[in-house]
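Please treat every number below as a calculation from the coordinates, not as lab data. Since the model is a prediction, treat every value here as computed from it, not as a measurement. Cβ: placed from backbone, ideal geometry, glycine included. Neighbour counts: every protein chain shown.
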């Protein structure tokens, strides 16, 4: 469907909704909106994001596919119980600010979760549209809609601050109505240490800070973000988005300490008895890779996915020495053992590194 076709269909459905409302058959007849992507021949030579995001017309059309079920089974499929029906309904009406507010009642990472959460086995698996059409791939694209409103805010903030002049996302200054921070309760006097700055650590830090506690996040690497910066490739989750979420934490008053290995730099006992922390949340992730214990695992050129992706993502090995902190040897033939998400990230990274 072209952009002009999307625009015409949106106008037609909007008029029908005003005159008598959309019936279930009308909503089920709306074609699923495919997200624009980089052309495969182009993206194999760069690390830019593959999925480019919905246009406004596509987002509203996709949201109109939602049946607005009274029991909203999609919410049961969401680990953090976002009011999915309501935020999707707000997008259908074009009220993106309201949609974002609804999401952030339960999640402060819509730009991240909208990109990397496995919605197809969570909220979208429960979607009545997919069940009605007997095809889960035709469920309402909840994750893409979540991403849309998060990206809409980022783009709107940038546009309002730049005011037509040249500027770079992440470097503009100031605050506006779209960049409001989560409310923080009055100080409790309690100190909480968060070990690890991955998704779990960031969410724990945000929720704990919102409750009024003093929060410090300790990260072993030199950059915060955990698996979002060392494990998930740029082409799936741009690092500028992770940086934006980290900056939100800092503006909320969360202190972030990098190059700090809890257990070596300081023990948990020292943090609590000597440094005055009342509680410690351990969110260090899966951590160590699994090996098969077969002959040849220690040969030069054999990597765990953890090391390979960390070199490529966090250490920018794709720059091949220009800006890379830790390089990877150029390889024309690469074998990936495994077929899960991490294996696919490794294979796609290898292609971009010249394999």
- Query: Against the longest principal axis of the chain, how steep is helix 142-162, in degrees 0 to 90 to the nearest 10, with axes from Cα atoms?
  - Reply: 80
- Have a look at 209, 81, 65 and tell me which one the Gaussian network model of the chain (Cα, springs below 10 Å) gives the largest fluctuation. 81
- Query: Taking neighbour counts of Cβ atoms within 10 Å as a proxy for exposure, in what order, fewest first, do 25, 138 appear?
  - Reply: 25, 138
- Cα-Cα pairs of region 181-282 separated by more than 23 Å (percent): 24
- Item | Estimated distance in nm for a label pair at residue 8 and residue 46, the labels positioned 7 Å out from Cα along Cα-to-Cβ | 3.1
- Stokes-Einstein D for region 33-145 (20 °C, 1.002 mPa s, Kirkwood Rh from Cα pairs), in µm²/s, comes to 147
- Among (1) 20.0; (2) 23.9; (3) 22.5, find the value of Kirkwood radius over Cα pairs in Å that was calculated from the structure presented, and write down its label. (3)
- Message: Run the paramagnetic zone check for residue 255: 7 angstrom along Cα to Cβ, then residues of region 282-312 with backbone nitrogen under 19 Å.
- Response: 282-283
- Considering only 205, 185, 63, give the residue with the highest GNM mean-square fluctuation for the chain, with springs between Cα atoms whenever their separation is below 10 Å. 185
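Would you kindly state how much longer the chain becomes between residue 134 and residue 17 on full extension, computed as 0.36 nm times their sequence separation minus their alpha carbon distance, in nm to one decimal?
Values: separation 117, 0.36 × 117 = 42.12 nm, distance 2.58 nm.
That works out to 39.5 nm of additional length.
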- Message: I want to verify a result. In a Gaussian network model of the chain, Cα cutoff 10 Å, which of these has the top mean-square fluctuation: 220, 211, 42?
- Response: 42
